[in-house]
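Worksheet: the structure to be examined is printed underneath.
The values are calculated or read from the model by the stated rules, or taken from the named source; none is laboratory data. Not measured: the values here are computed from a predicted model. In this analysis, Cβ positions are derived from the backbone assuming ideal geometry, glycine residues included, and neighbour counts consider all displayed protein chains.
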Amino acid sequence: MIHLNIGSNLNSKFGSKFENISIAINLLINSKIKIKKISSFYETPSYPNKRLPKFANIGLLIDYEFNPTELLREIFLIEKKIGRVKTKKNDPRVCDIDIIDFKGLIEVGKSLKIPHPRSHNRNFVLYPIKEIDPKWTHPIIKKNVDFLINELSQKSRIEITRLSKSVII
């Protein structure tokens with residue numbers, strides 16, 4: 001299986017951060033990506049500057065028949081359609097789509113690193129995965145999602161909120 005994570009903390013021409021994520025999912029579907037499962041929305045403070053708008057994130061479990069480089073190309077096109085402009089690291093953004101795991105593949109290239117290099121440290125990645133794929137194991141660390149969540153700091157475990165809001169497809 002393939003795990004993606006979509007985040008947003010800015011409004012766009014499409015609306016709120018939640019609408020940006022819903023639009024991104026619809027664009028993924030239109031590009032022939034099969035969505036198997038969608039997590040709830042999760043909200044976290046911006047990092048490292050908590051004064052910036054909070055992030056909404058969602059996890060997806062997908063099927064994709066092509067290689068990860070092709071998927072990354074599709075992702076970049078979708079982010080651009082929603083209005084993402086690459087700025088400096090950790091700046092607010094309308095849409096950020098990350099490949100977290102691609103069928104357990106381990107690849108470290110210039111533009112593509114799988115699994116995502118910081119996925120095991122991020123509450124907004126791990127909690128959605130736990131919801132949609134509770135038996136998931138990190139391909140490099142070889143630890144399951146429950147273990148990785150327990151390794152997060154207490155602060156990281158309490159500053160994430162699962163929202164009752166759903167994706168509109």
Looking at segment 17-55, which of its residues are out of contact with any strand residue (DSSP E or B) (no Cβ under 8 Å at 6 or more places or on another chain) and of a type in the set (S, T, N, Q)? 22, 26, 30, 31, 49
Taking segment 102-141 as the region of interest, how many residues are hydrophobic (A, V, I, L, M, F, W, C) and surrounded by 18 or more Cβ atoms within 10 Å (Cβ to Cβ)? 8
Have a look at 75, 100 and point out the one that is modelled with pLDDT of 95 or more, closer than 18 Å to residue 36 by Cβ and part of a strand (DSSP E or B). 100
Segment 142-169: number of residues that are surrounded by fewer than 11 Cβ atoms within 10 Å (Cβ to Cβ), in a loop (DSSP other than H, G, I, E, B) and not charged (D, E, K, R): 3
Residues that are in contact (Cβ under 8 Å) with a residue 60 or more places away in the chain and part of a helix (DSSP H, G or I), drawn from segment 29-47: 29
List pairs: first residue in segment 144-169 and of a type in the set (D, E, K, R), second residue assigned to a loop (DSSP other than H, G, I, E, B) anywhere in the structure, Cβ distance under 7 angstrom, at least six positions apart or on different chains. 159/45; 162/40; 165/41
Do you know which residues across segment 86-101 are surrounded by 13 or more Cβ atoms within 10 Å (Cβ to Cβ) and either polar (S, T, N, Q) or under 20 Å from residue 45 (Cβ atoms) (or both)? 91, 92, 93, 94, 95, 96, 98
What about residue 5, is it part of a strand (DSSP E or B) and surrounded by 14 or more Cβ atoms within 10 Å (Cβ to Cβ)? yes
